[in-house]
Amino acid sequence: MTYKKYNVELEEKEKDYLERFTSTGKHSARDIRRARTLLLSDRGKTDKEIADILGVSTRTVSRTRKQYVTEGLEQALHDKPRPGQPKKLSSSQEAQIIAIACSDPPEGRKRWTLELLREEALEHGIVGEISTEPIRILLKEHDLKPWKKKDVVHS
(Lines give C-alpha, C1' and ligand atoms only; values in the text may rest on other atoms or scores of the structure.)
Protein backbone atom coordinates (compact mmCIF):
# COMPACT_ATOMS: atom_id res chain seq x y z
CA MET A 1 0.00 0.00 0.00
CA THR A 2 1.32 3.44 -0.90
CA TYR A 3 1.77 6.17 1.67
CA LYS A 4 -1.03 8.72 1.78
CA LYS A 5 -0.51 12.09 3.38
CA TYR A 6 -4.18 12.26 4.37
CA ASN A 7 -5.15 8.81 5.56
CA VAL A 8 -8.87 8.20 6.14
CA GLU A 9 -9.66 6.16 9.25
CA LEU A 10 -13.40 6.33 9.88
CA GLU A 11 -14.90 5.71 13.29
CA GLU A 12 -17.61 3.05 13.48
CA LYS A 13 -20.39 5.66 13.86
CA GLU A 14 -19.05 7.54 10.80
CA LYS A 15 -19.06 4.33 8.75
CA ASP A 16 -22.67 3.64 9.78
CA TYR A 17 -23.64 7.21 8.96
CA LEU A 18 -21.99 7.06 5.52
CA GLU A 19 -23.57 3.68 4.72
CA ARG A 20 -27.02 5.13 5.52
CA PHE A 21 -26.14 8.37 3.70
CA THR A 22 -25.35 6.51 0.47
CA SER A 23 -28.40 4.24 0.58
CA THR A 24 -31.28 6.32 1.96
CA GLY A 25 -32.67 9.82 1.72
CA LYS A 26 -32.22 12.42 -0.96
CA HIS A 27 -28.67 13.61 -1.41
CA SER A 28 -26.87 15.05 -4.40
CA ALA A 29 -24.88 12.68 -6.57
CA ARG A 30 -21.76 14.64 -5.68
CA ASP A 31 -22.32 14.21 -1.93
CA ILE A 32 -22.99 10.48 -2.34
CA ARG A 33 -19.82 10.10 -4.43
CA ARG A 34 -17.82 11.83 -1.69
CA ALA A 35 -19.30 9.50 0.93
CA ARG A 36 -18.39 6.47 -1.17
CA THR A 37 -14.90 7.88 -1.65
CA LEU A 38 -14.44 8.03 2.13
CA LEU A 39 -15.83 4.53 2.64
CA LEU A 40 -13.59 3.03 -0.03
CA SER A 41 -10.58 4.94 1.25
CA ASP A 42 -11.23 3.64 4.76
CA ARG A 43 -11.24 0.10 3.32
CA GLY A 44 -7.70 0.61 2.08
CA LYS A 45 -8.38 1.20 -1.62
CA THR A 46 -5.88 3.32 -3.50
CA ASP A 47 -6.81 6.62 -5.08
CA LYS A 48 -6.53 5.02 -8.52
CA GLU A 49 -8.84 2.14 -7.55
CA ILE A 50 -11.40 4.52 -6.04
CA ALA A 51 -11.22 6.81 -9.08
CA ASP A 52 -11.82 3.85 -11.40
CA ILE A 53 -14.73 2.54 -9.32
CA LEU A 54 -16.47 5.90 -9.01
CA GLY A 55 -15.53 7.34 -12.39
CA VAL A 56 -13.73 10.39 -11.03
CA SER A 57 -10.17 11.67 -11.16
CA THR A 58 -7.55 10.70 -8.61
CA ARG A 59 -7.31 14.41 -7.75
CA THR A 60 -10.98 14.40 -6.74
CA VAL A 61 -10.36 11.40 -4.48
CA SER A 62 -7.31 12.96 -2.82
CA ARG A 63 -9.13 16.28 -2.37
CA THR A 64 -12.04 14.52 -0.60
CA ARG A 65 -9.64 12.63 1.68
CA LYS A 66 -7.75 15.82 2.52
CA GLN A 67 -10.98 17.65 3.31
CA TYR A 68 -12.11 14.86 5.64
CA VAL A 69 -8.81 14.81 7.54
CA THR A 70 -8.43 18.58 7.81
CA GLU A 71 -12.02 19.78 8.14
CA GLY A 72 -14.20 16.85 9.24
CA LEU A 73 -16.90 14.62 7.84
CA GLU A 74 -19.66 17.15 7.08
CA GLN A 75 -17.29 19.54 5.31
CA ALA A 76 -15.90 16.66 3.23
CA LEU A 77 -19.39 15.63 2.11
CA HIS A 78 -20.94 18.98 1.25
CA ASP A 79 -19.93 21.95 -0.89
CA LYS A 80 -19.12 25.16 0.91
CA PRO A 81 -21.59 27.97 0.20
CA ARG A 82 -20.53 30.19 -2.65
CA PRO A 83 -21.07 33.93 -2.50
CA GLY A 84 -22.35 34.32 -6.05
CA GLN A 85 -22.36 37.53 -8.00
CA PRO A 86 -23.08 40.69 -6.01
CA LYS A 87 -26.44 42.38 -6.56
CA LYS A 88 -26.49 45.01 -9.27
CA LEU A 89 -29.06 47.21 -7.51
CA SER A 90 -29.23 48.57 -3.97
CA SER A 91 -32.55 48.39 -2.07
CA SER A 92 -33.09 52.09 -2.71
CA GLN A 93 -32.53 51.63 -6.44
CA GLU A 94 -34.84 48.61 -6.46
CA ALA A 95 -37.59 50.59 -4.73
CA GLN A 96 -37.28 53.45 -7.22
CA ILE A 97 -37.43 51.11 -10.22
CA ILE A 98 -40.44 49.29 -8.75
CA ALA A 99 -42.16 52.64 -8.23
CA ILE A 100 -41.57 53.49 -11.88
CA ALA A 101 -42.85 50.08 -13.01
CA CYS A 102 -46.02 50.59 -10.97
CA SER A 103 -46.62 54.08 -12.38
CA ASP A 104 -48.34 54.93 -15.64
CA PRO A 105 -46.20 54.29 -18.72
CA PRO A 106 -44.86 57.19 -20.78
CA GLU A 107 -47.27 59.03 -23.03
CA GLY A 108 -47.99 57.17 -26.23
CA ARG A 109 -47.23 53.78 -24.60
CA LYS A 110 -49.72 51.23 -23.28
CA ARG A 111 -47.30 49.58 -20.88
CA TRP A 112 -43.75 49.55 -19.57
CA THR A 113 -41.16 47.39 -21.29
CA LEU A 114 -37.85 46.36 -19.74
CA GLU A 115 -36.04 48.70 -22.11
CA LEU A 116 -38.31 51.62 -21.19
CA LEU A 117 -37.75 50.93 -17.48
CA ARG A 118 -33.99 50.83 -18.06
CA GLU A 119 -34.05 54.13 -19.97
CA GLU A 120 -36.19 55.75 -17.27
CA ALA A 121 -33.83 54.56 -14.51
CA LEU A 122 -30.85 55.96 -16.42
CA GLU A 123 -32.64 59.24 -17.19
CA HIS A 124 -33.57 59.81 -13.53
CA GLY A 125 -30.02 59.01 -12.38
CA ILE A 126 -31.15 55.98 -10.37
CA VAL A 127 -28.32 53.93 -11.88
CA GLY A 128 -25.22 54.79 -13.87
CA GLU A 129 -25.39 51.91 -16.32
CA ILE A 130 -27.46 48.76 -16.29
CA SER A 131 -28.81 46.16 -18.66
CA THR A 132 -32.43 45.03 -18.71
CA GLU A 133 -31.61 41.68 -17.04
CA PRO A 134 -31.29 42.94 -13.42
CA ILE A 135 -34.55 44.83 -13.95
CA ARG A 136 -36.24 41.68 -15.25
CA ILE A 137 -34.98 39.71 -12.23
CA LEU A 138 -36.15 42.44 -9.83
CA LEU A 139 -39.64 42.49 -11.32
CA LYS A 140 -39.81 38.69 -11.29
CA GLU A 141 -38.76 38.57 -7.60
CA HIS A 142 -41.66 40.89 -6.77
CA ASP A 143 -44.08 39.20 -9.18
CA LEU A 144 -44.54 42.46 -11.10
CA LYS A 145 -45.58 42.34 -14.74
CA PRO A 146 -46.09 45.94 -15.86
CA TRP A 147 -46.30 44.82 -19.47
CA LYS A 148 -49.35 42.64 -18.66
CA LYS A 149 -51.87 45.07 -17.29
CA LYS A 150 -54.95 43.37 -15.89
CA ASP A 151 -58.28 44.54 -17.21
CA VAL A 152 -60.08 46.46 -14.51
CA VAL A 153 -63.80 45.89 -14.31
CA HIS A 154 -65.62 49.00 -13.14
CA SER A 155 -69.00 48.53 -11.54
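The values are calculated or read from the model by the stated rules, or taken from the named source; none is laboratory data. What you see is a predicted model; the values in this text were computed from it and never measured. With ideal geometry, Cβ positions are generated from the backbone for all residues, glycine too; neighbour counts draw on all protein chains shown. Surface areas here come from the heavy atoms of the whole protein model, side chains and all, with no ligands, DNA or RNA. Shrake-Rupley method; radii C 1.70, N 1.55, O 1.52, S 1.80 Å.
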**Item:** Cα→Cβ-extended label distance, 7 Å offset, between residue 144 and residue 43, nm
**Value:** 5.7 nm
**Asked** In µm²/s, what is D for segment 76-123 at 10 °C and 1.306 mPa s, where D = kT/(6 pi eta Rh) by Stokes-Einstein and Rh is the Kirkwood radius from Cα pairs?
**Response** 120 µm²/s
**Asked** Averaged per residue, what accessible surface does the chain expose to a 1.4 Å probe, in Å²?
**Response** 70 Å²
**Between 0 and 90°, nearest 10: helix 29-42 axis offset from the chain longest Cα axis** = 20 degrees
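What FRET efficiency, computed as 1/(1 + (r/R0)^6) with R0 = 30 Å and r the Cβ-Cβ distance, is obtained for residue 80 and residue 129, rounded to the nearest 0.05?
On the way: r = 32 Å, r/R0 = 1.08.
The pair residue 80/residue 129 has a calculated efficiency of 0.40.
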**Request:** Based solely on C-alpha atoms, express the radius of gyration and the Dmax of the chain in angstrom.
**Result:** 26.7, 85
**Request:** Keeping the other protein chains in place, figure out the carbon and sulfur percent of the accessible area of segment 12-77, with a 1.4 Å probe.
**Result:** 47 percent
**Message:** How far apart, in nanometres, would the label points at residue 53 and residue 90 be if each is projected 7 angstrom from Cα along the Cα-to-Cβ direction?
**Reply:** 5.5 nm
**Request:** Over segment 91-142, with every protein chain in place, what whole percent of the accessible area is carbon and sulfur at 1.4 Å, could you tell me?
**Result:** 47 percent
**Request:** Using only alpha carbon pairs under 8 Å that are at least six residues apart, calculate the relative contact order of segment 15-155 and give it in whole percent.
**Result:** 15 percent
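Which order do the peptides 120-130, 41-51, 100-110, 68-78 take when ranked by the mean count of other beta-carbon atoms within 10 Å per residue, highest first?
With the highest mean Cβ count within 10 Å placed first, the list reads 41-51, 68-78, 120-130, 100-110.
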